[in-house]
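The values are calculated or read from the model by the stated rules, or taken from the named source; none is laboratory data. Remember, predicted model here, so these are calculated numbers, not experimental data. All Cβ positions, glycine included, derive from the backbone under ideal geometry; neighbour counts span all protein chains shown. Ligands, DNA and RNA are excluded from the accessible area calculation, which covers all protein heavy atoms including side chains. Shrake-Rupley method; radii C 1.70, N 1.55, O 1.52, S 1.80 Å.
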Amino acid sequence: MRKLLLASVAVLGGTLALAGNAQAQWAGNSYTNPAGQAAVNGPGFATALPGYGAPLAPSTMTVHVGGRVQVYFGTASDSGRNMGSNKTAEWGIQQYSRIYPSVDAMAANGLQYGAALEIRQDNGAPAKAGASGAANSRGALYFRREYLYFGTPNLGYLRIGSTDQPTSLMLTGNFENFNDGGWNGDVPGLISGAAQAQWPFQDVGNLYTTNKFVYLSPQFFNLIDFGLSFEPGTANEGSNGNCSYAQPGCDLLSSTNSVADAARRRNTIEALARLRTSMGPMGVAATIAYDHSGKMGTTTGATPFKDQNFLDGGLVLSYGGLAVGGHATYGDYVPFYGSLPYKGARKSFAWLLGSSYAFGPAIVGVSYFQFQNAGAWSPANSGLVGRSQNEVGLAAGGTLNVAPGTVLYLSYLYGHRHQVGDNILTGSVGTLAGNNVRSQAIAVGTQVHW
């Protein structure tokens, strides 16, 4: 099994399918990027064996500073590029960098522990005249993840802090394992924001950046493992705990007179079970999960929101370097999981089918998803906007390892968003304009990671 999973790590749909020794691999924080693609959230952040895979000795500590720099050149066209008197160039160069400091250690009694950070650059500042071509704040750094972990191979591992929940760590069948992650990569940055197809699955910042407890079990019978998590609220790095007067926006609010605060989830629990097995060159990976979030109480009457509840699952079948499979999520949630759904809103349903093939130093793949959700609908505008927003996203491309720590990739994206009565580009409702938004992009890029 170990050989199969090592050979197929870039194939299993972007899941955390790192070596067959699953009992130990949950512990560490080391940055990995097999076949140019990390196991979690596209090229970037992953969980690996302590000490970059090297065994830890009792009473030792190992410090790492991983990272990556990515640059890509591409062209895009979409419905929102040219609005009013402004026009956007079709071609451009973009880049993104991340830093991954981490420490892995073992106590004299065999307890493994450590900590990890993810540091990103902030691209939010507008362009500016001058030699640099941009405001200084465009290169500012901020923390995206920060957590501690404790555990042993036989008992499992506990993470505490701003870290991925099980549906992100064990996400199966999402096929982000080629190019730079498809619709969950960096290339969508070439497309106008409102025209981008919304990635509907759980490896997104509104879920993985919040503070939580996460337990990841050892693998039982060389077949099954599971994950559990509890998130008290939506607090994350640098939490605002100053709640002396229970002001709006406080992380620790339990009831509020603010509609914006009432939309925040509370007491989120998640449970996921995963099966992985192999027989000769054939492999199977499957997950099933349930997520529930309560809502905040209000001091002004009934809340207009309902609890977040969804079922989630994925499946990948592999034979040698070929993998096929998919993923699906159904229930009460909204795109990006950033707020609770309105009462009366339709349930969301997302599904993806994909395939990839790894051969030698390369991997190629394709994926297609559909996502039905409430979109701009609310009880207040129910007569102006259709109840359903429909989205599709197609991703295709490949990644080539050209040298240790260096990859080249080609990415193609196509997206379509539609909702009756909603101008998706401007946010206005009750209009026939902007109800259909299309986009496509093609880019070639390179990444150096260490």
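For the reader, a short list of remarks on this structure follows.
- The residues of region 151-210 that are touching a His at 6+ places or on another chain (Cβ under 6 Å) and of a type in the set (Gly, Ala, Ser) amount to a single one, GLY173.
- One residue stands out in region 409-450 among those that are open to solvent by less than 70 Å² (accessible area, probe 1.4 Å) and charged (D, E, K, R): the one that is nearest to GLY74 (Cα to Cα), namely ARG417.
- If you go through region 402-437 and keep only what is within 23 Å of the chain's Cα centre (by Cα) and not hydrophobic (A, V, I, L, M, F, W, C), you end up with GLY405, THR406, TYR409, SER411, TYR412, TYR414, GLY415, HIS416, ARG417.
- Only one of ALA323, ALA289 that is more than 30 Å from GLN247 (Cα to Cα) and under 18 Å from the mean Cα position of the chain (by Cα): ALA289
- Strands (runs of 3 or more DSSP E) within region 271-372 that include 2 or more residues under 27 Å from HIS416 (Cβ atoms), open to solvent by less than 20 Å² (accessible area, probe 1.4 Å) and not β-branched (Val, Ile, Thr): 308-319, 322-332, 348-359
- Residue that is surrounded by the fewest Cβ atoms within 10 Å (Cβ to Cβ), among those in region 90-120 that are without any contact (Cβ under 8 Å) to a residue 24 or more places away in the chain and in a strand (DSSP E or B): TRP91
- Lone unmet requirement of (1) surrounded by fewer than 19 Cβ atoms within 10 Å (Cβ to Cβ); (2) outside any strand (DSSP E or B) for TRP377: (1)
- Of the strands (runs of 3 or more DSSP E) lying entirely inside region 139-217, those containing at least 2 residues that are touching an Asp or Glu at 6+ places or on another chain (Cβ under 7 Å), surrounded by fewer than 23 Cβ atoms within 10 Å (Cβ to Cβ) and charged (D, E, K, R) are 141-152.
- The set of residues in region 386-408 that are open to solvent by 10 Å² or more (accessible area, probe 1.4 Å) and assigned to a strand (DSSP E or B) comprises ASN390, VAL392, LEU394, ALA396, GLY397, GLY398, LEU400, ASN401, VAL402, ALA403, THR406, LEU408.
- Residue pairs whose Cβ atoms lie under 6 Å apart, sitting 6 or more positions apart in sequence or on different chains, and linking a residue in region 405-425 that is under 24 Å from PHE178 (Cα atoms) and modelled with pLDDT of 95 or more to a partner that is in a loop (DSSP other than H, G, I, E, B) and hydrophobic (A, V, I, L, M, F, W, C), are GLY415/ALA197; ARG417/ILE424.
Residue-by-condition table, conditions (1) under 30 Å from GLY321 (Cα atoms); (2) modelled with pLDDT of 95 or more; (3) of a type in the set (Gly, Ala, Ser); (4) out of contact with any Phe, Trp or Tyr (no Cβ under 9 Å at 6 or more places or on another chain):
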position: PRO153; (1), (2), (3), (4): yes, no, no, no
position: ASP164; (1), (2), (3), (4): yes, no, no, no
position: THR172; (1), (2), (3), (4): yes, no, no, yes
position: ASN177; (1), (2), (3), (4): yes, no, no, yes
position: GLY182; (1), (2), (3), (4): yes, no, yes, no
position: VAL187; (1), (2), (3), (4): yes, no, no, no
position: GLY193; (1), (2), (3), (4): no, no, yes, yes
position: THR210; (1), (2), (3), (4): no, no, no, yes
position: PRO218; (1), (2), (3), (4): yes, no, no, no
